[in-house]
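Visitor: Below you'll find the structure I mean.
The values are calculated or read from the model by the stated rules, or taken from the named source; none is laboratory data. As the structure is a prediction and not an experimental result, all values here were calculated from the model. Cβ: placed from backbone, ideal geometry, glycine included. Neighbour counts: every protein chain shown.
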Ligand SMILES: [Zn+2]
């Protein structure tokens, strides 16, 4: 509404034309944390900064060092085959656990990265049906440990499951470019002096152990 004032001015009065009502307060747990900063492995390895324990890394997989698949007792954590391996336990429920340790290189440095659970299936590029098939195949023996660099504990090369997993681990699907968010592990080995022999000479050199990271999120891009 408005009314013209006597000497050219305008008076306004406002009327409410809409209303806003608050139905609920935002759930603070849904607020996404800011994305982790992009980290170069060379810089991260040398950094003693404790604050930056979460970082995003882009690099290519050099090789897989270890793949471990295992049925564990959900009560005591022991190996579970048809039943719990502990005679006293008597539990009848089990969980499937998977771990991968691999080497990633981003051009500035290398790191050893640990993956677990659903990340392993995505990392290996297996379909849901293949992943379920693997779990079924391991029901009897309970676990398998694959060292794709040639030290597999199960040395029977006739073992079809081991053969399959070795093929998967060295495939182009696995050895690809990855983008991941990682947490720097608390226990990092410090620099070591190592002795090398070359002919009749000994050399001492400082060796920086690889940075140890745990993958918290495997990005799909
Ligand atoms: Zn048990």
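Visitor: Out of 6, 59, 77, 55, I need the residue that is assigned to a loop (DSSP other than H, G, I, E, B) and modelled with pLDDT of 90 or more. Which one?
Guide: Step by step, each of 6, 59, 77, 55 is checked, and only 77 is assigned to a loop (DSSP other than H, G, I, E, B) and modelled with pLDDT of 90 or more.
Visitor: Here is a further query. Residue 74 fails exactly one of the following numbered conditions: (1) surrounded by 14 or more Cβ atoms within 10 Å (Cβ to Cβ); (2) within 16 Å of the ligand (Cβ to nearest atom). What is the number of that condition?
Guide: (1)
Visitor: Just one of (1) crowded, with 18+ Cβ neighbours inside 10 Å; (2) away from the ligand (no atom under 16 Å from the Cβ); (3) without any contact (Cβ under 8 Å) to a residue 60 or more places away in the chain trips up residue 134, so point out which.
Guide: Every condition holds for residue 134 apart from (3).
Visitor: Within the range 104-119, can one find any residue that is surrounded by fewer than 18 Cβ atoms within 10 Å (Cβ to Cβ), assigned to a helix (DSSP H, G or I) and touching a strand residue (DSSP E or B) at 6+ places or on another chain (Cβ under 9 Å)?
Guide: yes
Visitor: Given (1) loosely packed, with under 13 Cβ neighbours inside 10 Å; (2) without any contact (Cβ under 8 Å) to a residue 40 or more places away in the chain; (3) under 30 Å from residue 132 (Cβ atoms); (4) touching a strand residue (DSSP E or B) at 6+ places or on another chain (Cβ under 8 Å), where does residue 166 come up short, assuming only one miss?
Guide: (1)
Visitor: Testing residue 125 on (1) touching a residue at least 24 places away in the same chain (Cβ under 8 Å); (2) near the ligand (Cβ under 9 Å from one of its atoms); (3) exposed (fewer than 14 other Cβ atoms within 10 Å of the Cβ), one condition comes back false. Which one is that?
Guide: With (1) touching a residue at least 24 places away in the same chain (Cβ under 8 Å); (2) near the ligand (Cβ under 9 Å from one of its atoms); (3) exposed (fewer than 14 other Cβ atoms within 10 Å of the Cβ) applied to residue 125, the lone miss is (2).
Visitor: Could you tell me whether residue 96 is within 16 Å of the ligand (Cβ to nearest atom), touching a residue at least 12 places away in the same chain (Cβ under 8 Å) and touching a helix residue (DSSP H, G or I) at 6+ places or on another chain (Cβ under 6 Å)?
Guide: yes
Visitor: Of the residues 26, 87, 122, only one is under 24 Å from residue 172 (Cβ atoms), modelled with pLDDT under 95 and not in a strand (DSSP E or B); which?
Guide: 122
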